[in-house]
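Notes for the one structure printed next.
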Amino acid sequence: MKYYITTPIFYPNSSPHIGTAYTTVAADALARYHRLQGNQVYFLTGTDENAQKIVRTAEANNTDTKSYVDGVVERFKDLWRALDISNDDFIRTTEERHQKVVQQIFTKLYEQGDIYKSEYSGWYCTPCETFWMENKLNEGKCPNADCGRDVELLKEESYFFRLSKYQGALLDYINTHSDFIQPVSRRNEMVKFIEGGLEDLCVSRTTFQWGIKVPFDPKHVVYVWLDALINYISALGYPDGENYKNYWPADVHIMGKDIVRFHAIIWPIILMAIDVPLPKVIYGHGWYLTKDGGKISKSRGNVQDSFALIQRYGSDAIRYFLLREMQVGTDGTYSEDNVVERLNSDLANDFGNFISRSLAMVVKFRDGIVPPSGQEQALELELKALSTEVKKAVDKSLRKCDPASALEEIWRFVARCNKYVDETAPWSLAKQEDQRERLDTVLYTFVECIRIMAILTAPFMPGIPSKICGLLGKDERLIKWEEADQWGILEEGIKVQKGEPLFPRIDMTEYLTPEETKTVDEKQNAPIESLEMPVLGFEPIKEEISIDEFAKIDLRVGKVVSAEKVEKTDKLMKLEVEIAGEVRTIVSGIAKHYSAEDLINQYVVVVANLKPTKLRGITSQGMILAASQGEVLEVLTVNKRLPGGARVK
Ligand code: MSP
């Protein structure tokens, strides 16, 4: 089956940032998923170069427009390479192959009467490249919720496209094709907008010359949106190119919510007017915003260098973060500490740790040679059933362009595998001669689980398969989507190695108090020795201190008056603790072990003179004491006869 997927083409007026990268990474994951299924995939991205705002930016940089865009386009291409984007083509709207198709379509629309000449008198928002009538403006500014900037008055001779003529046909189409605009919230917005009435669209400009000339009236350049949308077919060689015949109509145009309107109205009407089938799906995702809910934008000075981020954390981790963090139909929050947290918890602790832990055991107990599986027991059967369930759910989510849910499902499998290690306790089996076959089965199951993880994560983190295949001594032919819920694929007798951790943990001391860092440390790549004796792996006693040094620590009883989980974290809990009449906020890494109800009204021990520190934007004034060993953590509490504020010494 063929699968044609596109990203929007990006304005090369400034270098891409991590928010802009989302669309392309999501499209790439979908393209890779379809390739893995054996589909014939065409994945297109590119740049939208004929916008007025680009002319202005180039002028502001004292450069001619073409040299300016050539430079920025290279940055886009570099970023896509750095993020392992597997596009089959990259279209630039300054290329001749595109320009000639735009001119051909413009002429056809004019000749058949769908484009006519008149005069435009109204407003234009250059940042949005959108025409606005006076009555739509919001206090004289651009009414687009994400913009709100100044608009300019235009009064010029223009060509107009008869959108109004196609209003009924478009509504009928949307109403009879329920999957056309997704998710459903965007579809409803569009229906409402169209029902409000479509006005004919101004599709040419005469006040600047940068752009594609109207062939029969060259003082006009084609309006940038009409020009840009046509890229989806010009890149395929419309009207008679082989790729066009093979791949059109597109299976999905994926884009941010801000530009669904252009794709759901102007684009289908162009296609209807030239008698070309409509794309199957127009999918509008949310935006990545900063922690305070603002836009990531150069003018706000909050754009981080995407290349530096990729260098610091790796392309797979950045891709994982972007795809996992944004839920369908909503916006996502981007911040570097969110990236670090996801990397440490999901990738280092859960995913990477399972792989290194289990391979280390194959190395330790069977010299790295994968043993044959013996009789399977309930635990193995449960894992098998789960792999089928997870694969089905992943297929379903990806068919709905929902990578976040797909990853959530895969991590259900990863979590179950980690639990399987604890349940089967191979370090104990290894000590019992009569458990040899059982240990073989467990070790074989580990390696099969790793193979399955390599397949399931391949569309999202394309660097993983080759790394895992390297550890298993296999080549990438092992990665077959249809085998993600099949078992017994790996032959016994292959030699595996432990290798380096796939995702080394990032030091979080900058982000967390020592207490929280410790909790993370304990879960991290537990060395094989401590796995053998999980109960005895105590931390060494620290070096001696004097009583005076100890006396500097002011420990107090504190009464927990309220507790709540810190949003979007797995382990942080925000507590309000009363100490001698003063209520303090303390953020503590105990949320995996306690619910809010467990803590409220408890009398805990607080380090009361610890310097305040900021965690997830919350100032934490103190630290709660807890004892921990392995996975177990217990907060120290005292008898309720003592009031909050009592000294602990
Ligand atoms: N050139 C037009 C698209 C024409 S398609 C025929 C355009 N370009 S853009 O560069 O402004 O935006 C490209 C894509 O990036 C859009 O899908 C937009 O929604 C997306 N994003 C820009 N900033 C974003 C975030 N902060 N988060 C997620 N996506 C964001 O519009």
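The values are calculated or read from the model by the stated rules, or taken from the named source; none is laboratory data. Everything quoted here is computed from the prediction, not taken from an experiment. Cβ sites come from the backbone with ideal geometry, for glycine too, and all protein chains shown count toward neighbours. We work out accessible area using only protein heavy atoms, side chains counted, and drop any ligands, DNA or RNA first. Shrake-Rupley method; radii C 1.70, N 1.55, O 1.52, S 1.80 Å.
Packing-based ranking of 355-364, 388-397, 54-63, 233-242 yields 355-364, 233-242, 388-397, 54-63, ordered from highest to lowest mean Cβ neighbour count within 10 Å. At full extension, V561 and K295 could sit 92.2 nm farther apart than now, given 0.36 nm per residue minus the alpha carbon distance. Principal-axis analysis of the Cα atoms of the chain puts helix 167-176 at an angle of about 30° to the longest axis.
Calculated from the alpha-carbon coordinates, segment 2-312 shows an Rg and a Dmax of 18.8, 56 Å respectively. When the pairs K592/K614; K192/K392; K192/K219; K53/K257 are compared against a 29 Å limit on Cα-Cα distance, K192/K392; K192/K219 fall above it. Calculated accessible area for the chain comes out at 43 Å² per residue, all protein chains present (probe 1.4 Å; ligands, DNA, RNA ignored). Note on segment 211-253: with charges restricted to the Cβ of Lys and Arg (+1) and Asp and Glu (-1), its dipole about the Cα centre is near 160 debye.
Need one number: convex hull volume per residue for the chain, Cα atoms only, in Å³. About 191 Å³ per residue, rounded to a whole number. Take every Cα pair under 8 Å whose residues are at least 6 apart in sequence, average their separation, divide by the length of segment 401-501, and the relative contact order is 22 percent. Once C-alpha pairs closer than 8 Å and six or more residues apart are averaged by separation and normalised to the residue number of the chain, the relative contact order reads 11 percent.
Take each peptide in 164-172, 252-260, count the other Cβ atoms within 10 Å of every residue, and average; sorted highest first, the result is 252-260, 164-172. In segment 1-134, the alpha-carbon atoms span a convex hull of 157 Å³ per residue.
With charges only on Cβ, +1 for K and R and -1 for D and E, what is the dipole size of the chain about its Cα centre, in debye, rounded to 20?
Charge dipole of the chain: 600 debye, to the nearest 20.
Amide H contacts of L555: A608, V648, each under 5 Å away and 5 or more positions distant or on a separate chain (H built 1.01 Å from N in the peptide plane; Pro and chain starts excluded). Under 5 Å from the amide H of L636 lie the amide H atoms of V605, L625, A626, A627, each residue being 5 or more positions distant or on a separate chain, with H modelled from the backbone and absent for Pro and chain starts.
Expressed as a fraction of 2.2 N^0.38 Å, the C-alpha radius of gyration for segment 338-483 is 1.05.
Just the Cα atoms of segment 111-212, one point each, no solvent: what log10 I(q)/I(0) does Debye give at q = 0.13, 0.23 Å⁻¹? Result of the Debye calculation: -0.60, -1.24. Under the convention that each Lys and Arg Cβ holds +1 and each Asp and Glu Cβ holds -1, the size of the dipole of segment 2-312 around its Cα centre is about 560 debye.
Look at the dipole of segment 281-424 built from charges on Cβ: of T290, F354, S387, the Cα furthest out on the positive end belongs to T290.
Extension gain, D598-S428: 0.36 nm per intervening residue step, less the Cα-Cα distance, totals 57.8 nm.
The alpha carbons of segment 252-353 occupy a box of 54, 35, 23 Å along the principal axes, longest dimension given first. Inter-label distance, T207 to E491: 7.2 nm, where each label sits 7 Å from its Cα along the C-beta direction.
Which angle from 0 to 90°, rounded to the nearest 10, does the C-alpha axis of helix 403-424 make with the longest principal axis of the chain? Rounded to the nearest ten degrees, it is 20.
Farthest towards the positive end of the charge dipole of segment 2-312, among the residues I254, Y11, A273, is the Cα of I254, using unit charges on the Cβ of Lys, Arg, Asp and Glu.
In the chain, a dipole from Cβ-located charges (positive for Lys and Arg, negative for Asp and Glu) runs towards its positive end, and of V635, F413, A580 it is A580 whose Cα lies farthest in that direction. The order of the peptides 593-600, 2-9 by mean Cβ neighbours within 10 Å, most packed first, is 2-9, 593-600. Residues in segment 200-208 carry Karplus couplings, in order, of 4, 9, 6, 10, 8, 10, 10, 8, 8 Hz; the curve used is 6.51 cos²θ - 1.76 cosθ + 1.60 with θ = phi - 60°, and Gly or Pro positions show x.
Quick one: of the DSSP bridges fully inside the chain, what percent are antiparallel, nearest 5? So the antiparallel bridges in the chain amount to around 70 percent. For T130, the residues 5 or more places off, or on other chains, whose built amide H falls under 5 Å of its own are C125. Just so you know, the averaged projected area of the alpha carbon convex hull for segment 543-648 sits at 7.4 nm². Principal-axis analysis of the Cα atoms of the chain puts helix 378-399 at an angle of about 20° to the longest axis.
Run the helix sum for the chain: -39,500 (n - 2.57) per DSSP H stretch of 4+ residues, divided by residue count, reported at 222 nm to the nearest 500 deg cm²/dmol.
The helix-only estimate for the chain comes to -11500 deg cm²/dmol at 222 nm.
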